[in-house]
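Q: One structure, as structure tokens, below. Some questions next.
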Amino acid sequence: MNTGNIKANITKVLKNKNTFTILIIFVGIIGIYALYNWRVSEATKLVSVPYAKKEINSRTKVTTDMIAYMQVPKSLLANSKNLIQSSNGVVNKYINYGYTIPQYSMFYKEAILENAANPESEFKDLPDKYTVFNLEVDFDNTYGNSIYPGNYIDLYVKIKDKDSDKIIFGRLIKGIKVSSLYDSEGNPVFETTSDTRKPKYMFFGVPEDLYLLLMKTQKIGATIMPIPRNASYSQEERTPEIDSVYIQNYVLAKAVNFGD
């Protein structure tokens with residue numbers, strides 16, 4: 001076999017522009033196919049991540065018996081950079097205040113703390129000249145836990161006038177924002193989804209003049225009732241304001257000595 005002729009023929013073929021173009025296209029197709037297969041393989045590769053075997057409530061320390069592992073595509077990790085991929089990221093750590101990990105849910109970094117969480121005050125961003133007002137409530141007058149922190153509601157007042165024996169009823173303040181609700185043991189009502197906590201206290205942040213008015217309203221024995229509105233009203237940011245000047249003046253007249 002004449003190797004010189006073979007080399008010459010190969011060189012001649014490669015120098016042909018059409019042949020060279022076909023070879024480049026062929027190599028490119030092979031490269032694209034190999035890259036595609038590699039990416040598909042990487043995307044569908046399964047990896048183990050921890051998940052909650054049962055619901056884990058806020059401020060709970062996570063132990064090994066609370067977690068198990070599931071196989072998920074590796075691509076999910078790339079798309080969820082805050083997803084915790086190892087048990088080291090959750091075991092002996094704490095669920096952040098205000099978070100609940102549902103059963104069978106994976107863990108995310110914002111829900112996990114290294115140390116025990118202290119409840120962050122709902123009033124840390126309370127505006128200047130605002131004061132916290134605490135209203136005692138129950139399951140019924142919160143409409144079966146249908147009033148949530150962050151909702152804007154109205155406060156109605158019911159007063160029995162001792163002189164006339166008549167009932168005064170109306171909306172005293174409108175557009176007041178609910179800051180938080182707690183049960184009788186001091187736990188946030190909506191901290192967990194595993195049980196229904198009954199509200200005992202509802203907190204608001206209100207301007208000081210409205211705070212004094214509400215305190216005087218309670219002082220004269222009036223009943224203050226939180227009344228929810230429709231979804232658009234509840235979610236739109238508002239500034240609390242007096243709705244009934246008549247009731248306001250009545251309360252102020254009956255409680256002139258309040259605070260003396």
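The values are calculated or read from the model by the stated rules, or taken from the named source; none is laboratory data. Predicted model, so just to flag it, every value in this text is computed and none were measured. Ideal geometry is used to build each Cβ from the backbone, glycine not excepted, and the neighbour counts take in all protein chains shown.
Q: Is there any pair with a first residue in the range 136-164 that is buried (at least 18 other Cβ atoms within 10 Å of the Cβ) and a second that is assigned to a loop (DSSP other than H, G, I, E, B) and of a type in the set (Gly, Ala, Ser) whose Cβ atoms are under 6 Å apart and which are 6 or more apart or on different chains, and what are they?
A: Hits for this filter: 157/222; 159/222.
Q: Starting from residues that are at pLDDT 90 or above and loosely packed, with under 14 Cβ neighbours inside 10 Å, keep the ones in the range 87-102 and report whichever is farthest from residue 50 (Cα to Cα).
A: The qualifying residue farthest from residue 50 (Cα to Cα) is 92.
Q: Looking only at the range 170-210, which residues are assigned to a strand (DSSP E or B) and exposed (fewer than 15 other Cβ atoms within 10 Å of the Cβ)? So that I can check it myself, show each step before the final result.
A: Just the residues of the range 170-210 that are assigned to a strand (DSSP E or B), to begin with: 170-182, 188, 201-207.
Within the range 170-210, 170 is the sole residue that qualifies.
Q: So which residues in the range 88-108 are within 27 Å of residue 195 (Cβ to Cβ) and outside any loop (DSSP other than H, G, I, E, B)? Step through it out loud before you land on a result.
A: The first filter runs over the range 88-108 and keeps only residues within 27 Å of residue 195 (Cβ to Cβ), leaving 90-108.
Result: 94, 95, 101, 106, 108.
Q: Is there a residue in the range 191-207 that is within 21 Å of residue 146 (Cα to Cα), of a type in the set (Val, Ile, Thr) and at pLDDT 95 or above?
A: Initial filter on the range 191-207 (within 21 Å of residue 146 (Cα to Cα)): 191-205.
Restricting the remaining residues to those that are of a type in the set (Val, Ile, Thr) gives 192-193, 196.
Cutting the leftovers down to at pLDDT 95 or above gives us none.
No, the range 191-207 contains no residue that is within 21 Å of residue 146 (Cα to Cα), of a type in the set (Val, Ile, Thr) and at pLDDT 95 or above.
Q: Do we find a residue being of a type in the set (Phe, Trp, Tyr), within 23 Å of residue 236 (Cβ to Cβ) and over 16 Å from the mean Cα position of the chain (by Cα) anywhere in the range 179-201? Even if it seems obvious, please write down each step before you answer.
A: Pass one, the range 179-201, residues of a type in the set (Phe, Trp, Tyr): 182, 190, 201.
Checking which are within 23 Å of residue 236 (Cβ to Cβ) leaves us with 190.
Among the residues that remain, those that are also over 16 Å from the mean Cα position of the chain (by Cα) are: none.
Checked against the condition, which is being of a type in the set (Phe, Trp, Tyr), within 23 Å of residue 236 (Cβ to Cβ) and over 16 Å from the mean Cα position of the chain (by Cα), the range 179-201 yields no hits at all.
Q: So residue 65 fits all but one of (1) surrounded by fewer than 12 Cβ atoms within 10 Å (Cβ to Cβ); (2) in a strand (DSSP E or B); what number is the exception?
A: Condition not satisfied by residue 65: (2).
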